[in-house]
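Trainee: Before I ask anything, here is the structure I am working with.
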Amino acid sequence: MRNFFKLATIFFLFILAFSCSTGSRNDQPPNIRFGADPCDECRMIINEARYAAAIVTTDEQVHLFDDIGCMVNYLKKHSEPVARYWVVDFNSENWLNATKAVFVKNKDFPTPMGYGIVAFSDTTTAENFIRLHRGEQLKFSELRKQVFETSRVPG
């Protein structure tokens, strides 16, 4: 019987150690079912990956958005503690940590809800986009502040 408890204790410790080392869900980009999942801000169906964004709260609730501007406006209205901010790179359509992404805002550039915001993984790519399409380069913190001050309903 003593061996059983030793074995059970070792098994329990192994499972506990493994579960702690795998990381939490908020470390992974969310899965969006394009053409099916709605935006948590405007309720439109998310159709285009290159404009998508998401947040994962500290309690691992996932909120999905069809436009980066929708994510920023959602953050304005809700005070949930956020563990991770995600955006999709406009060119590669890969997920990026939004706090490390480079954003370009051009009110005349068409995005799903008309905010004209796109994300890139690096400054050089963002600058190339600006050369072609104009716009203002921003960090995530600057973007959040700017959108809060100039929040508008897309027309």
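Trainee: Condition test on Ala101, is it touching a residue at least 12 places away in the same chain (Cβ under 8 Å) and either among the acidic types (Asp, Glu) or surrounded by fewer than 17 Cβ atoms within 10 Å (Cβ to Cβ) (or both)?
Mentor: Considered against the rule, which asks whether it is touching a residue at least 12 places away in the same chain (Cβ under 8 Å) and either among the acidic types (Asp, Glu) or surrounded by fewer than 17 Cβ atoms within 10 Å (Cβ to Cβ) (or both), Ala101 comes out as no.
Trainee: Considering (1) surrounded by 13 or more Cβ atoms within 10 Å (Cβ to Cβ); (2) touching a residue at least 24 places away in the same chain (Cβ under 8 Å); (3) farther than 14 Å from Gly69 by Cβ, say which one Glu136 fails and leave the rest.
Mentor: (3)
Trainee: A follow-up question, please. Looking for something touching a Lys or Arg at 6+ places or on another chain (Cβ under 7 Å) and among the aromatic types (Phe, Trp, Tyr) - is there at least one such residue anywhere in region 55-72?
Mentor: No - not one qualifying residue is present in region 55-72.
Trainee: Let me ask something additional. Does region 102-134 hold any residues that are part of a loop (DSSP other than H, G, I, E, B), farther than 26 Å from Thr58 by Cβ, out of contact with any Cys (no Cβ under 9 Å at 6 or more places or on another chain) and not basic (Lys, Arg), and which are they?
Mentor: If the condition is that a residue be part of a loop (DSSP other than H, G, I, E, B), farther than 26 Å from Thr58 by Cβ, out of contact with any Cys (no Cβ under 9 Å at 6 or more places or on another chain) and not basic (Lys, Arg), then Asn106, Asp108, Phe109, Pro110, Thr111, Gly114, Gly116, Asp122 are the ones that fit.
Trainee: If you go through region 78-91 one residue at a time, how many are among the polar types (S, T, N, Q) and surrounded by fewer than 13 Cβ atoms within 10 Å (Cβ to Cβ)?
Mentor: Total meeting the criteria: 1.
Trainee: For region 107-131, what are the residues that are over 17 Å from Ala53 (Cβ atoms) and modelled with pLDDT under 95?
Mentor: Within region 107-131, Lys107, Asp108 qualify.
Trainee: If the Cβ limit is 8 Å and pairs must be 6+ apart or interchain, which residue in region 54-77 that is at positive phi pairs with which residue that is of a type in the set (Lys, Arg) and at pLDDT below 95?
Mentor: Glu60/Arg25
Trainee: Just need a number here: residues in region 112-122 that are touching a Lys or Arg at 6+ places or on another chain (Cβ under 9 Å) and surrounded by fewer than 24 Cβ atoms within 10 Å (Cβ to Cβ).
Mentor: The total comes to 3.
Trainee: Looking at the structure I just gave you, is Asn106 farther than 27 Å from Asp27 by Cβ and touching a His at 6+ places or on another chain (Cβ under 8 Å)?
Mentor: yes
Trainee: Another one. Of the conditions (1) farther than 26 Å from Asp27 by Cβ; (2) among the acidic types (Asp, Glu); (3) touching a helix residue (DSSP H, G or I) at 6+ places or on another chain (Cβ under 9 Å); (4) surrounded by 13 or more Cβ atoms within 10 Å (Cβ to Cβ), Glu127 clears all except one; give me its number.
Mentor: (3)
The values are calculated or read from the model by the stated rules, or taken from the named source; none is laboratory data. Note that this is a predicted model, so its numbers are computed, not measured. Cβ coordinates were reconstructed from backbone atoms using ideal geometry, including for glycine residues, and neighbour counts include every protein chain displayed.
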